[in-house]
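First up is the structure itself, then whatever we jot down about it.
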Amino acid sequence: MKRILIFCLIVIFIILPFFSGKTLNSAIGSEEKANMLFGGEDDVDFAKKMWKSIKGYQDWLIKSDILPGKSHGPFVRVYYNMVSADEKNYHAIVKDNLDSNKELTAVALMVQREDGYDPENDNWFWVKYETDGSISKNDKGLALAGKVAKGMDMGCIACHKGAADKDYIFINDEKAYGR
Ligand code: HEC
(Lines give C-alpha, C1' and ligand atoms only; values in the text may rest on other atoms or scores of the structure.)
Protein backbone atom coordinates (compact mmCIF):
# COMPACT_ATOMS: atom_id res chain seq x y z
CA MET A 1 0.00 0.00 0.00
CA LYS A 2 2.78 2.36 1.04
CA ARG A 3 4.66 1.55 -2.14
CA ILE A 4 1.65 2.37 -4.30
CA LEU A 5 1.26 5.66 -2.48
CA ILE A 6 4.93 6.54 -3.00
CA PHE A 7 4.63 5.55 -6.65
CA CYS A 8 1.58 7.79 -7.10
CA LEU A 9 3.36 10.69 -5.42
CA ILE A 10 6.36 10.25 -7.71
CA VAL A 11 4.08 10.26 -10.76
CA ILE A 12 2.17 13.32 -9.62
CA PHE A 13 5.08 15.47 -8.49
CA ILE A 14 8.00 14.37 -10.62
CA ILE A 15 6.92 12.71 -13.85
CA LEU A 16 3.72 14.58 -14.72
CA PRO A 17 5.12 18.12 -14.44
CA PHE A 18 8.04 17.03 -16.59
CA PHE A 19 5.77 15.81 -19.38
CA SER A 20 3.25 18.61 -19.22
CA GLY A 21 6.11 21.13 -19.17
CA LYS A 22 7.59 19.49 -22.21
CA THR A 23 4.40 19.49 -24.22
CA LEU A 24 3.70 23.07 -23.22
CA ASN A 25 7.15 24.13 -24.32
CA SER A 26 6.94 22.36 -27.64
CA ALA A 27 3.47 23.78 -28.25
CA ILE A 28 4.79 27.31 -27.75
CA GLY A 29 7.82 26.49 -29.86
CA SER A 30 5.78 25.32 -32.81
CA GLU A 31 3.39 28.25 -32.60
CA GLU A 32 6.32 30.64 -32.65
CA LYS A 33 7.76 28.74 -35.55
CA ALA A 34 4.48 28.92 -37.47
CA ASN A 35 4.43 32.66 -36.95
CA MET A 36 7.95 32.92 -38.28
CA LEU A 37 7.02 31.31 -41.58
CA PHE A 38 5.33 34.41 -42.90
CA GLY A 39 4.37 37.88 -41.88
CA GLY A 40 7.59 38.47 -39.91
CA GLU A 41 9.73 41.59 -40.08
CA ASP A 42 12.16 40.12 -42.62
CA ASP A 43 9.30 38.98 -44.84
CA VAL A 44 7.67 42.38 -44.78
CA ASP A 45 11.02 44.09 -45.49
CA PHE A 46 11.73 41.83 -48.43
CA ALA A 47 8.18 42.28 -49.75
CA LYS A 48 8.58 46.06 -49.60
CA LYS A 49 11.88 45.85 -51.46
CA MET A 50 10.25 43.67 -54.07
CA TRP A 51 7.40 46.12 -54.61
CA LYS A 52 10.08 48.67 -55.54
CA SER A 53 11.98 46.15 -57.69
CA ILE A 54 8.92 45.24 -59.76
CA LYS A 55 7.91 48.87 -60.29
CA GLY A 56 6.73 49.35 -63.85
CA TYR A 57 6.11 45.63 -64.31
CA GLN A 58 3.15 46.45 -66.56
CA ASP A 59 5.73 47.29 -69.24
CA TRP A 60 7.83 44.13 -68.87
CA LEU A 61 8.39 42.45 -72.22
CA ILE A 62 7.38 38.98 -71.06
CA LYS A 63 3.69 39.21 -70.19
CA SER A 64 0.48 37.40 -71.01
CA ASP A 65 -2.77 38.72 -72.39
CA ILE A 66 -5.63 39.13 -69.99
CA LEU A 67 -6.69 35.51 -69.46
CA PRO A 68 -9.47 33.73 -67.63
CA GLY A 69 -8.40 32.82 -64.08
CA LYS A 70 -9.61 30.15 -61.73
CA SER A 71 -8.31 30.87 -58.26
CA HIS A 72 -7.28 34.53 -58.29
CA GLY A 73 -10.36 36.17 -59.79
CA PRO A 74 -12.26 35.84 -63.05
CA PHE A 75 -9.35 37.31 -65.02
CA VAL A 76 -5.60 37.41 -64.53
CA ARG A 77 -2.52 38.68 -66.30
CA VAL A 78 0.98 37.38 -65.62
CA TYR A 79 4.40 38.97 -66.08
CA TYR A 80 7.91 37.54 -65.76
CA ASN A 81 11.29 39.13 -65.31
CA MET A 82 14.55 38.93 -63.41
CA VAL A 83 14.60 41.58 -60.72
CA SER A 84 17.27 42.62 -58.28
CA ALA A 85 17.49 43.80 -54.71
CA ASP A 86 20.59 44.23 -52.52
CA GLU A 87 22.77 43.20 -55.47
CA LYS A 88 21.07 39.83 -55.84
CA ASN A 89 19.01 38.70 -58.80
CA TYR A 90 15.76 36.82 -58.57
CA HIS A 91 13.19 35.22 -60.86
CA ALA A 92 9.92 37.09 -60.35
CA ILE A 93 6.43 36.22 -61.53
CA VAL A 94 3.83 38.91 -60.99
CA LYS A 95 0.13 38.31 -61.38
CA ASP A 96 -2.61 40.87 -61.61
CA ASN A 97 -5.90 39.69 -60.11
CA LEU A 98 -8.70 41.24 -62.15
CA ASP A 99 -12.42 41.33 -61.49
CA SER A 100 -15.14 40.60 -64.05
CA ASN A 101 -14.69 44.14 -65.44
CA LYS A 102 -10.98 43.43 -65.82
CA GLU A 103 -10.20 45.99 -63.12
CA LEU A 104 -7.22 45.33 -60.84
CA THR A 105 -8.16 43.99 -57.39
CA ALA A 106 -4.79 42.73 -56.07
CA VAL A 107 -1.26 41.82 -57.14
CA ALA A 108 0.33 38.46 -56.29
CA LEU A 109 4.05 37.87 -56.55
CA MET A 110 6.29 34.80 -56.44
CA VAL A 111 10.02 35.41 -56.15
CA GLN A 112 12.49 32.56 -56.28
CA ARG A 113 14.96 33.27 -53.52
CA GLU A 114 18.47 32.09 -52.71
CA ASP A 115 19.18 28.38 -52.05
CA GLY A 116 18.24 27.38 -48.55
CA TYR A 117 15.39 29.89 -48.17
CA ASP A 118 12.70 27.19 -48.37
CA PRO A 119 14.24 24.11 -50.02
CA GLU A 120 11.05 22.03 -49.52
CA ASN A 121 9.15 24.47 -51.72
CA ASP A 122 11.72 25.39 -54.36
CA ASN A 123 12.71 28.53 -52.41
CA TRP A 124 9.70 30.55 -53.51
CA PHE A 125 8.79 33.69 -51.56
CA TRP A 126 5.07 34.54 -51.71
CA VAL A 127 3.39 37.90 -51.29
CA LYS A 128 0.05 39.46 -51.99
CA TYR A 129 -0.28 43.23 -52.35
CA GLU A 130 -3.28 45.51 -52.37
CA THR A 131 -3.56 47.69 -55.46
CA ASP A 132 -1.70 50.53 -53.67
CA GLY A 133 1.29 48.26 -52.94
CA SER A 134 0.55 47.69 -49.26
CA ILE A 135 0.88 44.08 -48.17
CA SER A 136 -2.40 42.21 -47.76
CA LYS A 137 -3.14 40.60 -44.38
CA ASN A 138 -4.99 37.45 -43.42
CA ASP A 139 -7.92 37.45 -40.98
CA LYS A 140 -5.47 37.12 -38.06
CA GLY A 141 -3.71 40.30 -39.13
CA LEU A 142 -0.58 38.54 -40.40
CA ALA A 143 1.03 40.04 -43.50
CA LEU A 144 0.77 37.69 -46.46
CA ALA A 145 4.48 37.70 -47.21
CA GLY A 146 7.05 34.93 -46.88
CA LYS A 147 6.48 31.18 -46.79
CA VAL A 148 2.78 31.88 -46.79
CA ALA A 149 0.78 29.18 -45.00
CA LYS A 150 3.61 26.68 -45.31
CA GLY A 151 2.54 23.25 -44.06
CA MET A 152 -1.12 24.23 -43.92
CA ASP A 153 -4.00 22.84 -45.98
CA MET A 154 -4.88 26.12 -47.61
CA GLY A 155 -2.97 29.08 -48.93
CA CYS A 156 -0.33 29.94 -51.52
CA ILE A 157 2.01 26.99 -51.00
CA ALA A 158 -0.65 24.31 -50.46
CA CYS A 159 -2.53 25.27 -53.60
CA HIS A 160 0.52 25.83 -55.81
CA LYS A 161 1.83 22.42 -54.75
CA GLY A 162 -0.87 21.08 -57.04
CA ALA A 163 0.75 22.56 -60.16
CA ALA A 164 1.88 19.97 -62.71
CA ASP A 165 5.49 18.70 -62.48
CA LYS A 166 5.59 19.93 -58.87
CA ASP A 167 7.17 23.22 -59.92
CA TYR A 168 4.63 25.41 -58.06
CA ILE A 169 3.81 27.23 -61.28
CA PHE A 170 0.63 27.06 -63.35
CA ILE A 171 1.70 29.14 -66.37
CA ASN A 172 3.50 26.16 -67.89
CA ASP A 173 0.64 23.72 -67.24
CA GLU A 174 -1.43 22.34 -70.08
CA LYS A 175 -4.65 23.01 -68.22
CA ALA A 176 -4.65 26.44 -66.62
CA TYR A 177 -5.55 29.99 -67.59
CA GLY A 178 -8.66 28.84 -69.44
CA ARG A 179 -6.83 26.34 -71.65
C1 HEC B 1 -6.74 27.91 -54.22
C2 HEC B 1 -5.55 27.86 -55.01
C3 HEC B 1 -4.55 29.01 -55.01
C4 HEC B 1 -4.13 29.76 -53.95
C5 HEC B 1 -4.58 29.70 -52.50
C6 HEC B 1 -3.15 30.68 -54.48
N7 HEC B 1 -2.97 30.49 -55.81
FE8 HEC B 1 -1.74 31.52 -57.04
N9 HEC B 1 -2.48 30.55 -58.64
C10 HEC B 1 -3.44 29.55 -58.61
C11 HEC B 1 -3.83 29.19 -59.98
C12 HEC B 1 -4.84 28.11 -60.37
C13 HEC B 1 -3.08 30.02 -60.82
C14 HEC B 1 -3.19 30.09 -62.35
C15 HEC B 1 -4.07 31.30 -62.73
C16 HEC B 1 -5.50 31.14 -62.31
O17 HEC B 1 -6.15 30.19 -62.76
O18 HEC B 1 -5.98 31.99 -61.54
C19 HEC B 1 -2.22 30.83 -59.97
C20 HEC B 1 -1.28 31.73 -60.42
C21 HEC B 1 -0.42 32.44 -59.63
C22 HEC B 1 0.71 33.22 -60.10
C23 HEC B 1 1.22 33.28 -61.51
C24 HEC B 1 2.22 32.14 -61.73
C25 HEC B 1 1.57 30.79 -61.91
O26 HEC B 1 1.73 29.91 -61.03
O27 HEC B 1 0.90 30.59 -62.94
C28 HEC B 1 1.26 33.83 -59.00
C29 HEC B 1 2.46 34.75 -58.98
C30 HEC B 1 0.49 33.41 -57.84
N31 HEC B 1 -0.51 32.57 -58.25
C32 HEC B 1 0.76 33.82 -56.56
C33 HEC B 1 0.03 33.41 -55.45
C34 HEC B 1 0.25 33.91 -54.10
C35 HEC B 1 1.31 34.92 -53.71
C36 HEC B 1 -0.68 33.30 -53.31
C37 HEC B 1 -0.92 33.51 -51.84
C38 HEC B 1 -1.08 34.84 -51.36
C39 HEC B 1 -1.45 32.41 -54.15
N40 HEC B 1 -0.99 32.49 -55.43
C41 HEC B 1 -2.48 31.61 -53.69
C42 HEC B 1 -3.96 28.98 -57.48
C43 HEC B 1 -3.82 29.47 -56.19
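The values are calculated or read from the model by the stated rules, or taken from the named source; none is laboratory data. Since the structure is predicted, the reported quantities are computational estimates derived from the model, not experimental observations. Here the Cβ is made from the backbone with ideal geometry for all residues, glycine too, and neighbour counts use every protein chain on show.
Of note:
- Sole residue being surrounded by fewer than 12 Cβ atoms within 10 Å (Cβ to Cβ) and either within 20 Å of the chain's Cα centre (by Cα) or touching a residue at least 24 places away in the same chain (Cβ under 8 Å) (or both), chosen from D118, D99, D86: D86
Residue-by-condition table, conditions (1) over 22 Å from F46 (Cβ atoms); (2) part of a loop (DSSP other than H, G, I, E, B); (3) touching a residue at least 40 places away in the same chain (Cβ under 8 Å):
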{"site": "D139", "(1), (2), (3)": "yes, yes, no"}
{"site": "V148", "(1), (2), (3)": "no, yes, yes"}
{"site": "M152", "(1), (2), (3)": "no, yes, no"}
{"site": "I157", "(1), (2), (3)": "no, no, no"}
{"site": "G162", "(1), (2), (3)": "yes, yes, no"}
{"site": "Y168", "(1), (2), (3)": "no, yes, yes"}
{"site": "I171", "(1), (2), (3)": "yes, yes, yes"}
{"site": "A176", "(1), (2), (3)": "yes, yes, yes"}
{"site": "R179", "(1), (2), (3)": "yes, yes, no"}
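- Against the list (1) near the ligand (Cβ under 9 Å from one of its atoms); (2) modelled with pLDDT of 95 or more, the condition A176 fails is (2).
- The residues of the stretch 126-141 that are buried (at least 21 other Cβ atoms within 10 Å of the Cβ) and either among the charged types (D, E, K, R) or at pLDDT below 95 (or both) amount to a single one, K128.
- Neighbours by Cβ (under 9 Å, 6+ apart or cross-chain): first from the stretch 65-79, in contact (Cβ under 8 Å) with a residue 24 or more places away in the chain and not assigned by TED's automatic domain parsing to the domain that holds D96; second assigned to a strand (DSSP E or B) and within 8 Å of the ligand (Cβ to nearest atom): none
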